Amino acid sequence: MKRRNFIQKSSAGAAFLTLGGLSLESFAKKTSKHITILHTNDVHSHIDPFPEDHYKTPNQGGVARRATLVENIRKENPNTLLLDAGDIFQGTPYFNFYGGEIEFKLMSMLKYDAATIGNHDFDNGIDGLFAQLPNAKFDFVSANYDFKNTVLDTNIKPYKVFVKDEIKIGVFGLGIELAGLVDPRMYKETNYLDPVEIAQDMSRILKEEEQCDLVICLSHLGYYYKSAPSKICDLNLASKTKDIDLIIGGHTHTFLPKPTVTKNSVGENVLVNQVGCYGINIGRIDFYFDSDKNITSKGKSIIV
């Protein structure tokens, strides 16, 4: 299989770029497979839209609008995955009163395919998170939290493989270091493993052993830290690993109007995206596969 090259639109509204005299628009029309990835992060229990008089995001967000948007996109392309990059909990009275039950039930109704775990998802303790798992009709993936000696052992998978239109898509999760960020009583014996080493292992397993055509990391590491440039984050993770095609991020509430294209450890392109917070936006990335499994892509953030 040829190594896949990502060509991204220069802006959300721009036409496909031209490569070698052949427009990628023409190329895309000849592709046989089309996969759509939708994603959210840091929704923080925001079930309702913001009020009409909100100073920044009036009448934006809300699960009902997200559900309508997702439903319409699935009608457009049934080969769609809906993913979340963590911090589902904490931020409105819904969480204070119901402890995450409503969030998981609504995500299940929207038919999320997978999510990873953010630091605020421990705010009711690891036992509180475990108690709500029966309400989640989707899988949680987290590869660098070792839950061996906790109630979450065997309940959280390191990765999951999906098949859409004969395209294999591997999704794995990474979480931020909890020490110094979360009260140890909340996460108990959860052991934090180095995300770079784990990502290298996960991408190898998904690419070589599982033979995935597309490898996605659901990350709650944060996009980038200007005050600590060497701190592990999505951009640094991309630069230190290979075989990851897309990093869907969370934690820093970074809004990107379109995915960042950066280089991995062997000089190949990686897409990195994050869509702010509170369910105001949903990310959309479309991957087009030709008969040789080469890929082109385009992505943008959509206001809900």
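Here, each number is a calculation from the coordinates, and none is a lab measurement. All values derive from a computational prediction rather than experimental measurement. FYI the Cβ positions are ideal-geometry reconstructions off the backbone, even for glycines, and counts take in every protein chain you see.
For the range 83-96, putting each phi into the Karplus relation 6.51 cos²θ - 1.76 cosθ + 1.60 with θ = phi - 60° gives couplings of 10, 9, 9, x, 6, 6, 8, 6, x, 9, x, 4, 6, 4 Hz, in residue order, rounded to whole numbers and with x for Gly and Pro. Ranking of Ser291, Ser45 by neighbouring Cβ atoms within 10 Å, starting from the fewest: Ser291, Ser45. Toward the positive end of the charge dipole of the range 22-303, with +1 on the Cβ of Lys and Arg and -1 on the Cβ of Asp and Glu, the farthest Cα among Pro51, Phe104, Val161 is that of Pro51. With θ taken as phi - 60° and the Karplus curve 6.51 cos²θ - 1.76 cosθ + 1.60 applied, the whole-hertz 3J(HN,Hα) list for the range 37-47 is 10, 10, 8, 10, 7, 6, 5, 6, 6, 7, 8 Hz, x standing for glycine and proline.
For the peptides 255-261, 81-87, the ranking by mean Cβ contacts within 10 Å, running from highest to lowest, is 81-87, 255-261.
Between amide H atoms placed 1.01 Å from N, distances below 5 Å from Lys157 occur with Phe140, Ser142, all of them 5 or more places distant or on a separate chain.
In plain terms, the residue of Arg284, Arg185 with the fewest other Cβ atoms within 10 Å comes first and the most crowded comes last, giving Arg185, Arg284. Size descriptors for the range 169-304, from the alpha-carbon set: Rg then Dmax equal 15.4, 52 Å.
Can you give the FRET efficiency for Ser265 and Ile302, using 1/(1 + (r/R0)^6), R0 = 30 Å, r = Cβ-Cβ distance, to the nearest 0.05?
Between Ser265 and Ile302 the formula returns 0.45.
Under 17 Å from a point placed 7 Å out from the Cα of Leu193 along the Cα-to-Cβ direction: which residues of the range 138-172 have their backbone N that close? Answer for this model: 140-161, 171-172. In this rough spin-label picture, where each label sits 7 Å from Cα along the Cβ direction, the Asn96-Lys231 distance is 2.8 nm. Taking amide H as placed 1.01 Å from N in the peptide plane, Lys298 has its amide H under 5 Å from the amide H of Asp286, each at least 5 places away in sequence or on another chain. Amide H contacts of Val304 (H built 1.01 Å from N, in plane; Pro and chain starts excluded): Gly61, Asn281, Ile282 sit under 5 Å, all sequence-distant by 5 or more or on other chains. The Cα trace of the chain gives Rg and Dmax of 18.6, 60 Å, the first to one decimal, the second as a whole number. The GluC sites (Glu not before Pro) of the range 37-140 that DSSP puts in a loop, and whose beta carbon has at most 13 other beta carbons within 10 Å, are Glu52. Computed from phi, the 3J(HN,Hα) profile of the range 149-155 under the Karplus parametrisation 6.51, -1.76, 1.60 (θ = phi - 60°) reads 9, 10, 5, 7, 4, 6, 8 Hz, with x in place of Gly and Pro. Helical content of the chain, expressed as a calculated mean residue ellipticity at 222 nm, amounts to -6000 deg cm²/dmol (DSSP H runs of 4 or more residues, -39,500 (n - 2.57) each, divided by residue number, nearest 500).
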